[in-house]
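The values are calculated or read from the model by the stated rules, or taken from the named source; none is laboratory data. This one's a predicted model, so the numbers in the text were calculated from it and none came from an experiment. As a convention, Cβ positions derive from the backbone with ideal geometry for all residues, glycine included, and neighbour counts pool all protein chains shown.
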Amino acid sequence: MSRRIVAILVAAGNGTRAGGTRPKQFATLAGRPMVAHSYEALVCHPAIRKTIVVADPALAAEMLPGASIVAGGATRRESVARGLDTATTAGATHVLVHDAARPFLAATVIDAVVAALDTHDGAIPVLPVADTLAFGCDMLGDTVDRAALVRVQTPQGFRIDILQAAHAGWPPELEATDDAQMVRRLGGRIALVQGDAMLEKVTYPEDFAAAEARLAMETRTAMGFDVHRLEAGVELWLGGVLIPHDKGLSGHSDADVALHALTDALLGTIAAGDIGTHFPPSDPQWKGADSARFLRHAADLIAARGGRIDFVDLTIVCEAPKIGPHRAAMTARIADLLALSPDRVSVKATTTERLGFTGRGEGIAAQAVATVRVPR
Ligand code: MG
């Protein structure tokens, strides 16, 4: 019989030990609800045919649009049982039960659990215990042989028939801490596979901070380039600053060539097109617009992806005006717009030795490079 593996993502707990008002699995972690991280890992894994989320239906529908949601029970065991019923209806031969409080689920862990189900009734990821353990009620008492202990993680994989039998036969007065414990009670053969330090449970406020730090962010660098024509009788806005000069830059917006180059560099880091994609010159509402708005929009898009801007570097190319006297004001303005400290904003200028359109004073060019980190 061919296998049909269904994942059950348990997100029904109402734990608020992490602080905040909503259950921790819906709190924001690395820019997204915690539950969204492992949900995506399960949905994207090729061996998993369907993912069922057991949670408060209203919260889960808000956080995971389009997900298959089952209302949770009063206890974890009840919640898993409800997920199992739905998985059975969905034709599952095997299930993977995963806790939403373990958000960073690598495909390699899923691979290992799924592979072990070829030869076992169940499979669970584990890690060795590194710390010395002692019975807490007697600090001077016996220590525990840690070689015999493992830290048990999820996702835990099982044949669905044996897990359903384990749930059906479980004494209602006992609370089970995990599904492997229930299957072992029936004599099921459980494989131990390699767990992952990234899979640790996120419970307390300090866990959130550590998880944010552990989360693999990828660094991306992108550039932007822009040119605008200099014309008499126009204000000169450059780097977000109004500069007294006999000419100004012309264009549909305020034509701040430096902020435009920076905006394109930032959009480039998330492959979100260019400034014209978001603010078409054909749209009259952007006539004379403050380019600060464009820059903020690019920064907001990066923030919405859970990204962070690390650094921006700008080079303005012109014969006149002299940029030096305005450099500090530009740096401060850009830092303010991007919510960066000024030491993360570099403003440079050069001439082209009187060569070309910038050398003849016909226009100003700018190029920018932005470095950001975004969640993988
Ligand atoms: Mg432009």
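Here are the numbers for the structure shown:
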quantity	calculated
Scope segment 228-238; condition surrounded by fewer than 17 Cβ atoms within 10 Å (Cβ to Cβ) and in a strand (DSSP E or B); matching residues	Arg229, Glu231, Ala232
Any helices (runs of 4 or more DSSP H) falling wholly within segment 239-357 and containing at least 2 residues that are at pLDDT below 95	275-278, 292-304, 327-338
Condition met for Thr277 (more than 10 Å from the ligand (Cβ to nearest atom) and in contact (Cβ under 8 Å) with a residue 40 or more places away in the chain)	no
Wholly within segment 1-105, helices (runs of 4 or more DSSP H) carrying at least 1 residues that are aromatic (Phe, Trp, Tyr)	34-44
Asp264, sole failed condition from (1) crowded, with 16+ Cβ neighbours inside 10 Å; (2) of a type in the set (D, E, K, R); (3) away from the ligand (no atom under 15 Å from the Cβ)	(3)
Identity of the residue in segment 215-253, free of Cβ contacts under 8 Å to residues at least 60 places away in the same chain and near the ligand (Cβ under 10 Å from one of its atoms), that ends up farthest from Arg327 (Cα to Cα)	His252
Selection status of Glu200, within 19 Å of the chain's Cα centre (by Cα) and under 21 Å from Thr269 (Cα atoms)	no
